[in-house]
Amino acid sequence: MKMGSMPIAVIMQRRAVQHRWADEAWEAVGVVPDRGQLPRLQVLSQSPERDYYLVSGLELELYTDENEGYYENCMAPESKVFVLWRMEEGKAIPVRASVSYVEGTRMFDSGEQADGVAMPAEIYAWVAGYLREHYQPKPRGRRGREHG
């Protein structure tokens, strides 16, 4: 069941590389909340060595069946937003994003292009607020015995 969503934009980076099979490398390097009125694709900076693009149109969505993954991500030393992207017309375009550690692992295991980027404080606060309201971590007692 979908419990919440937040529109986001992803910062994509293109780097020039000298490699036998490629002359450029792409990756997601940042995520920001999207307050609206952003164009679908905006050039932030360009140079022969490195380009940055802001790509809007994605939403982070929170579902009750991913609560454990959200919790694991929030408890990690560095919480991430996981971004899956594909090449479209010569540019890397994000197609999905998640704050679930479990879904992020599925993205990496899928064989598609995916990156984990540092979760901004505003998104972390949103996810943590959701978890406080909708999730109770499983007690980690001694061998499953509950104490009351």
Does residue 97 satisfy the criteria of being under 20 Å from residue 15 (Cα atoms), touching a residue at least 60 places away in the same chain (Cβ under 8 Å) and among the small types (Gly, Ala, Ser)?
-> no
Within segment 2-10, identify whether any single residue is of a type in the set (Ser, Thr, Tyr) and under 20 Å from the mean Cα position of the chain (by Cα), and answer yes or no.
-> yes
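Would you confirm, using the coordinates I've provided, whether residue 116 is modelled with pLDDT of 95 or more, outside any helix (DSSP H, G or I) and either among the acidic types (Asp, Glu) or touching a helix residue (DSSP H, G or I) at 6+ places or on another chain (Cβ under 8 Å) (or both)? Talk me through it step by step, then tell me what you get.
On the way: modelled with pLDDT of 95 or more: yes; outside any helix (DSSP H, G or I): yes; either among the acidic types (Asp, Glu) or touching a helix residue (DSSP H, G or I) at 6+ places or on another chain (Cβ under 8 Å) (or both): yes.
So residue 116 passes the test.
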Only one of (1) in a helix (DSSP H, G or I); (2) among the β-branched types (Val, Ile, Thr); (3) touching a residue at least 40 places away in the same chain (Cβ under 8 Å) fails for residue 102. Which number is that?
-> (3)
Here are 29, 99: which of them is under 11 Å from the mean Cα position of the chain (by Cα) and open to solvent by 60 Å² or more (accessible area, probe 1.4 Å)?
-> 29
Matching residues in segment 57-68 (farther than 16 Å from residue 42 by Cα, in a strand (DSSP E or B) and not acidic (Asp, Glu)) number 3
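Results for (1) in a strand (DSSP E or B); (2) aliphatic (A, V, I, L, M); (3) open to solvent by less than 60 Å² (accessible area, probe 1.4 Å); (4) at pLDDT below 95, shown as yes or no for each residue.
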{"residue": "54", "(1), (2), (3), (4)": "yes, yes, yes, no"}
{"residue": "70", "(1), (2), (3), (4)": "no, no, yes, no"}
{"residue": "74", "(1), (2), (3), (4)": "no, no, yes, no"}
{"residue": "86", "(1), (2), (3), (4)": "yes, no, no, no"}
{"residue": "106", "(1), (2), (3), (4)": "no, no, no, no"}
{"residue": "111", "(1), (2), (3), (4)": "no, no, no, yes"}
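The values are calculated or read from the model by the stated rules, or taken from the named source; none is laboratory data. Note that the coordinates shown come from a computational prediction; the quantities given were computed from them, not determined experimentally. Positions of Cβ are generated from backbone atoms using ideal geometry, with glycine treated the same way; all protein chains shown enter the neighbour counts. What goes into the accessible areas is simple: the full protein's heavy atoms, side chains included, and nothing from ligands, DNA or RNA. Shrake-Rupley method; radii C 1.70, N 1.55, O 1.52, S 1.80 Å.
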